[in-house]
Amino acid sequence: MVMMTEKSYSIAHTKNHLPVLVHSLESNPTIPITRRGKIVAYLISTREYDALKGKRRKFTDNWKSLRDSDDFKKNSFSEKEVANWRDSSVGRDFSF
């Protein structure tokens, strides 16, 4: 997740101090880069990039992991309890 840091740098400052800013990415996950005071880009750490790029698990894989977990089995929900989890009420009205 990209997190906002308090300090941002102009494009000119970034160009002139890139090695220092890259080194600072070890302690800051992101560094905002501005043009005329508006953020236009971010420098991000490798760790942050990997987290953003990482493979996401499918919902079904997560659900299976939950069902197979000891905590879930320990509670041993009945079929009736599970059926009541879903809200069966009618959705909101809308028009085009």
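Each reported figure results from applying straightforward, stated rules to the coordinates on display, with no laboratory input. Everything numeric here is computed off the predicted structure, so don't read it as measured data. Glycine gets a Cβ as well: all are built from the backbone with ideal geometry, and neighbour counts include every protein chain shown.
Below are the figures for this structure:
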{"read-out": "Interchain or long-range residues, amide H under 5 Å from LEU43's placed H", "value": "ILE31, ILE33"}
{"read-out": "Spin-label model distance (nm) - PHE59 vs GLU81, 7 Å beyond Cα toward Cβ", "value": "2.3"}
{"read-out": "Convex hull volume per residue for segment 9-53, taking Cα atoms only, in Å³", "value": "64"}
{"read-out": "Nearest-20 debye value, segment 9-53 charge dipole, Cβ charges on Lys, Arg, Asp, Glu", "value": "300"}
{"read-out": "Packing rank of 81-87, 31-37, where each peptide gets the mean count of other beta carbons within 10 Å, highest leading", "value": "31-37, 81-87"}
{"read-out": "Degrees between helix 59-68 axis and first principal axis of the chain (Cα, 0 to 90, nearest 10)", "value": "60"}
{"read-out": "Segment 76-87 - phi-based ³J(HN,Hα) in whole Hz, Karplus 6.51/-1.76/1.60, Gly and Pro as x", "value": "5, 5, 7, 4, 5, 4, 5, 4, 7, 5, 7, 6"}
{"read-out": "Net charge dipole size for the chain [Lys, Arg +1 and Asp, Glu -1 on Cβ; Debye, nearest 20]", "value": "420"}
{"read-out": "3J(HN,Hα) from dihedral phi, segment 23-30, Karplus parametrisation 6.51/-1.76/1.60, rounded to Hz, x for glycine, proline", "value": "4, 6, 5, 5, 10, 10, x, 9"}
{"read-out": "Packing rank of 55-62, 42-49, where each peptide gets the mean count of other beta carbons within 10 Å, highest leading", "value": "42-49, 55-62"}
{"read-out": "Theoretical ellipticity at 222 nm over the chain - DSSP helices of four or more residues, -39500 (n - 2.57) apiece, nearest 500", "value": "-12000 deg cm²/dmol"}
{"read-out": "Rh by Kirkwood over Cα pairs, then Stokes-Einstein D for the chain at 1.567 mPa s and 4 °C, µm²/s", "value": "71"}
